[in-house]
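The values are calculated or read from the model by the stated rules, or taken from the named source; none is laboratory data. Quantities reported herein were computed from a predicted structural model and do not represent experimental measurements. Cβ placement follows ideal geometry from the backbone for every residue including glycine, while neighbour counts extend to all protein chains displayed. Each accessible area value is taken on the protein alone, full model and side chains, heavy atoms only, with ligands, DNA and RNA left out. Shrake-Rupley method; radii C 1.70, N 1.55, O 1.52, S 1.80 Å.
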Amino acid sequence: MKNMVSENVQNIEISGIRKFYNKVVKVPEAVSLTLGQPDFNVPDKIKKAMINAIMDNKTTYTSNAGIIELRCEISKYLRDEFNINYNEEEICLTVGGSQGLLSTFTALINKGDKVLIPTPAYPAYESCVKILGGEVLNYKLNDDFSINHEKLYEIIMKENPKIMVLSYPCNPTGAILTKDDKEKIYSLIKEKDIVVVTDEIYSSLCFEKEYYSIAQYKDIKEKIVLVSGFSKMFSMTGLRLGYVCADSKLMNNIMKVHQYNVSCAPSIVQWGAYEGIRSCLGDVEYMKNEFIKRRDYVYKRLIEMGFEVNLPKGAFYIFPCIKKFNMTSDEFCEKLLNEAKVAVVPGSAFGKGGEGYLRISYCCSMEELKEALNRIENCIKK
Ligand SMILES: Cc1ncc(COP(=O)(O)O)c(C=O)c1O
């Protein structure tokens, strides 16, 4: 039979993170710092709320957008914590941030539409755009992974993209959006017909006092889609709950896609998150402080070993440079896996801009981190 698979789908590959993870499982003695799954358990109150939801038979479909109680709490949370204003009608609960992203891109992209994506970046953006027949335009970052505003301005003027992706705090670099970034991007967006998809799934893990987001501007709201979720915030990656915020015109269209795709997010988990957002923000603060301790430890060890590396300001990843070893990031990671028995993700999994770097997830125990860093140190000494 002839190949019946969509060309768009044939042309994308499975995520480099997963590809490498599949190699890691074949080396069972390896310490793995590959996945974005925090080592904390889901807070007890959330678990209990989900058990109660089951016992109370809250197991039917919810409204397409999700339970109003949780949407009201998200609205309040975004306002109180981040100075971001969306009312409950402008929020839709999704099956993880992932489905929020794909529904948003599906609602926006026509074949050939240009989408600006930073490199390195979380790989799903490029793949979603390609599945939908959009054209990916990468915008390069500075050496410290901050936005190069001159280059960004040039590419926007030259290429006229329809959509721009922002992703802060950043997976894989740990960078955050600064006040200056926010203001410069605002001036650009205000003048142009461009929609910003801002993925802020790590917003609860910003290590700086002030939080900056392009979604804080009210007068460009019709040009912004905010994607976020609870996977990282409540350490509940397997429970699959995220959300999208957008003004009514965009939201009505995102909702069409969402409705025909999943109908609604899982009801039980929505009740769990409802409890979490009201009574577990202390647990989130605790997890954030633990990540800061681990970040400081990993950063110090890498600097002592002679790696060039930026201090992450959020999320739970660090992205050291390995260019001086004269190996590709794939070769370096393969060597580290086989010789040091430590698994980290090659930077190339995050696009062209990630080549020459490694992504280390530090969302595992301090003991594992110590062991992994000792092994890396011994390996590079050799
Ligand atoms: C930047 C970023 N966005 C979105 C997601 C997807 O999140 P979820 O597991 O809620 O679908 C991830 C997961 O690692 C991520 O790192």
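Miscellaneous remarks
- Separation of the range 346-360 and the range 128-159, taken as the distance between their Cα centroids, equals 17 angstrom.
- The range 1-33 and the range 68-90: distance between their alpha carbon centers, rounded to Å: 36 Å
- Residues with amide H under 5 Å from that of Arg359, placed H, sequence gap 5 or more: Val345, Gly347
- P(r) weight above 17 Å for the range 1-61, C-alpha pairs, percent: 69 percent
- Heavy atoms of Lys370 accessible to a 1.4 Å probe, total area in Å² rounded to 10: 90 Å²
- FRET efficiency, Tyr153 to Asn83 (Cβ-Cβ, R0 30 Å, nearest 0.05): 0.70
- A simple charge model with +1 on the Cβ of Lys and Arg, -1 on the Cβ of Asp and Glu and nothing else charged puts the dipole of the chain at about 560 debye relative to its Cα centre.
- Among Cys206, Cys245, Cys321: highest mean-square fluctuation, GNM of the chain, C-alpha pairs under 10 Å: Cys321
- Value at 222 nm in deg cm²/dmol, rounded to 500, when DSSP H runs of n ≥ 4 in the chain each add -39,500 (n - 2.57): -13000 deg cm²/dmol
- Residue order for Ser98, Ser365 - accessible surface, 1.4 angstrom probe, largest first: Ser98, Ser365
- Heavy-atom accessible surface of Asp330, to the nearest 10 Å², is about 70 Å², with a 1.4 Å probe and all protein chains retained.
- Relative to the Cα centre, the charge distribution of the range 250-382, modelled as +1 at Lys and Arg Cβ and -1 at Asp and Glu Cβ, gives a dipole magnitude of about 280 debye.
- The range 269-318 and the range 187-232 have Cα centres lying 20 Å from one another.
- Highest mean packing comes first when the peptides 136-148, 82-94 are listed by Cβ atoms within 10 Å, giving 82-94, 136-148.
- Solvent exposure of the range 114-169 as accessible area per residue, Å², 1.4 Å probe: 41 Å²
- Coil-residue trypsin sites (Lys or Arg not before Pro) of the range 202-300, DSSP, other Cβ within 10 Å capped at 16: Lys209, Lys218
- Residue-by-residue Karplus 3J(HN,Hα) for the range 173-190, coefficients 6.51, -1.76, 1.60, Hz, glycine and proline x: 8, x, 6, 10, 7, 8, 4, 4, 4, 4, 5, 5, 5, 4, 4, 5, 5, 4
- With Rh defined as the Kirkwood radius, the inverse of the mean 1/r over Cα pairs, the Rg/Rh of the chain is 0.96.
- Within the chain, DSSP assigns beta bridges of which about 45% are antiparallel (rounded to the nearest 5).
- The range 60-279, accessible surface, carbon-and-sulfur percent (1.4 angstrom probe): 47 percent
- Residues with amide H under 5 Å from that of Met164, placed H, sequence gap 5 or more: Leu116, Val195, Val196, Val197
- Rg/Rh ratio calculated on Cα atoms of the range 60-279 (Kirkwood radius): 0.94
- Heavy-atom accessible area ranking, 1.4 Å probe, most first, across Glu126, Glu69: Glu69, Glu126
- Farthest positive-ward along the chain dipole, Cα basis, beta-carbon charges - from Val225, Tyr297, Tyr21: Tyr21
- For the range 63-73, the Karplus equation 6.51 cos²θ - 1.76 cosθ + 1.60, evaluated at θ = phi - 60°, returns couplings of 4, 4, 6, x, 5, 4, 4, 6, 5, 5, 5 Hz by residue, with Gly and Pro reported as x.
- With all protein chains in place and ligands, DNA and RNA left out, the 1.4 Å accessible area ranks Lys313, Lys179 as Lys179, Lys313, largest first.
- Cα-based equivalent ellipsoid, the range 1-156: semi-axes from gyration tensor eigenvalues, Å: 32, 25, 21
- Geometric extent, Cα atoms of the range 229-382 - Rg, Dmax (angstrom): 19.6, 59
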